[in-house]
Amino acid sequence: MTLLASIEDHDESAQLASIVDELREAEEEIAILEAVKVAQLAGAMRIALRRMEGKHATQRARELELRSVAAEIGAAVRWSDRVAQARMSDALDLVERFPATIDALTTGRITARHAAVIQDAGCVLTDDTDRAAFEQVVVEWAAAETVARTRDYARGLAEHLHPESITTRFERAEKARTVTLSELHDGLAKLEIIGPTALLHGIHDRLTQQARAIRATTTQPGEEPRVVDAEPAVVDTRTLDQIRADLVCDMLLTGQPTIDHTTDILPGGLGAIRASVHVTVPALTAAGIADRGASIDGTSPIDADTARQLMATAPGWDRILTHPVTGMVLAVDRYRPGTILERFLAARDIHCRFPGCRQPARRCDHDHNLDWALGGRTTVGNLACLCKRHHTLKTETEWTAAQEPDGTIRWTSPLHRRYTDKAPPRVAFVPDADPPPF
Ligand SMILES: [Zn+2]
């Protein structure tokens, strides 16, 4: 090593050492400022509580006093008043019940996040002596450990000191079991289950085993192709996490509960109940010209392909015409062929109208040859029976169809080749040699 390189190394190490020291100092100062915030919030909570005591009116009037103080703080520091209220309440609890933790925060020995996990784990200890003993040990631990390790340690210790048995607590806690849905970004949402630990671990384990079983019969990219039953296995690019998520969706959307008290009351029982979502799709997106603006309930964005797939398989749609500038709703009509129209189409088309397909009309959708989103009308001259497969093909690919007045459909392929599908004649004098597929 040359002398110059050695000096540069030394300089860089000194620089890094000073960065580390300054970060540490900044963390301490932030902790001290956090302690100031806790004290202020606790002070605000005391004021709110005093005002609430002064009110001899209803619970609602007292609650409004608290909300009003919280809104005051929230507006000033740009928190929602709910957040402000929760933080005020937590701050007072921390100050009154966790004095050793507040001391450690005020001197910068632990961070606000350490304090939060200590409070979270210790809040179940109702006995002051127990809680003080808990704090004494956990604060020392927190001063030397990460937040995550502090959380594990604090929870373990609190569990040990807990005045109630886990059985009693579980009976109470289990009442909070729930399933909640929240929105994420980019067309994703999160479904969360809160339930008994053993069951949820069981669910996760079953999904993992199923996902691994799928993996065992497929080939991952870059792997030697697997052979299953003398056939090369299909390539599956999904990760275990992705397969687990796909399995949950599949089973929850199509499965049937084992315990079902409704089997004698509802036709098909609970398993016959189908999911329903309200999808909004702008006309240009529906027609495949644009890719934006599709949403669930008008608020949660979804990707255009999913929206078009849902449209292709939905039994009916409400078309909403809005003013191009104000967005005001001008008119609403129902996109679903009426019964007489359906019977007419079944009689005329007999089977799917894609060239060569013979899926019977009763198993077909009614396709708007000129896309309904582009102004195509729900009339016999613009509707035709298409089976799911070919309806999807037309919706999702560049296949297009145009109908002539006599019911003939002129198809154009993505390669711009043209095909004609004539409406089948209603009277056949020659028996069909090809038996129907049903
Ligand atoms: Zn078909």
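The values are calculated or read from the model by the stated rules, or taken from the named source; none is laboratory data. Since we're looking at a predicted model, the values are computed, not measured. Here the Cβ is made from the backbone with ideal geometry for all residues, glycine too, and neighbour counts use every protein chain on show. Remember, those area values only see protein heavy atoms, side chains included, never the ligands or the DNA or RNA. Shrake-Rupley method; radii C 1.70, N 1.55, O 1.52, S 1.80 Å.
Computed values, structure above
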| read-out | value |
| --- | --- |
| Residues of the range 374-398 that turn out to be modelled with pLDDT of 85 or more and within 26 Å of Thr306 (Cβ to Cβ), as a count | 10 |
| Answer from Asp318, Asp371, Asp303 - the residue that is away from the ligand (no atom under 16 Å from the Cβ), modelled with pLDDT of 80 or more and not assigned by TED's automatic domain parsing to the domain that holds Thr397 | Asp303 |
| Test: residue in the range 192-208 that is more than 30 Å from Arg292 (Cα to Cα), of a type in the set (Asp, Glu) and not in a strand (DSSP E or B) | yes |
| Within the range 220-256, tally of residues that are open to solvent by less than 60 Å² (accessible area, probe 1.4 Å) and modelled with pLDDT of 85 or more | 8 |
| Members of the range 74-133 that are among the small types (Gly, Ala, Ser) and more than 35 Å from the chain's Cα centre (by Cα) | Ala100, Ala104, Gly108, Ala132, Ala133 |
| Subset of the range 384-410 (residues that are away from the ligand (no atom under 13 Å from the Cβ) and open to solvent by less than 20 Å² (accessible area, probe 1.4 Å)) | Gly407, Thr408 |
| Leading residue by the ranking (modelled with the highest pLDDT) among those in the range 347-365 that are within 16 Å of the ligand (Cβ to nearest atom), open to solvent by 40 Å² or more (accessible area, probe 1.4 Å) and closer than 17 Å to Thr408 by Cα | His351 |
| Scope the range 139-160; condition in a helix (DSSP H, G or I) and open to solvent by less than 50 Å² (accessible area, probe 1.4 Å); matching residues | Val139, Ala142, Val147, Thr150, Ala154, Gly156, Leu157, Ala158 |
| Residues located in the range 36-67, provided they are modelled with pLDDT of 85 or more and open to solvent by 40 Å² or more (accessible area, probe 1.4 Å) | Val36, Lys37, Ala39, Gln40, Arg46, Ile47, Leu49, Arg50, Arg51, Glu53, Arg67 |
| Residue count for the range 366-383, restricted to those that are among the charged types (D, E, K, R) and either without any contact (Cβ under 8 Å) to a residue 24 or more places away in the chain or open to solvent by 20 Å² or more (accessible area, probe 1.4 Å) (or both) | 2 |
| Breaking point among (1) touching a Lys or Arg at 6+ places or on another chain (Cβ under 7 Å); (2) modelled with pLDDT of 80 or more, for Tyr335 | (2) |
| Helices (runs of 4 or more DSSP H) completely within the range 6-125 that count 3 or more residues being touching a residue at least 40 places away in the same chain (Cβ under 8 Å) | 81-97, 99-106 |
| Selected residue (criterion: nearest to Ala346 (Cα to Cα)) from residues of the range 411-427 that are open to solvent by 90 Å² or more (accessible area, probe 1.4 Å) and assigned to a strand (DSSP E or B) | Tyr419 |
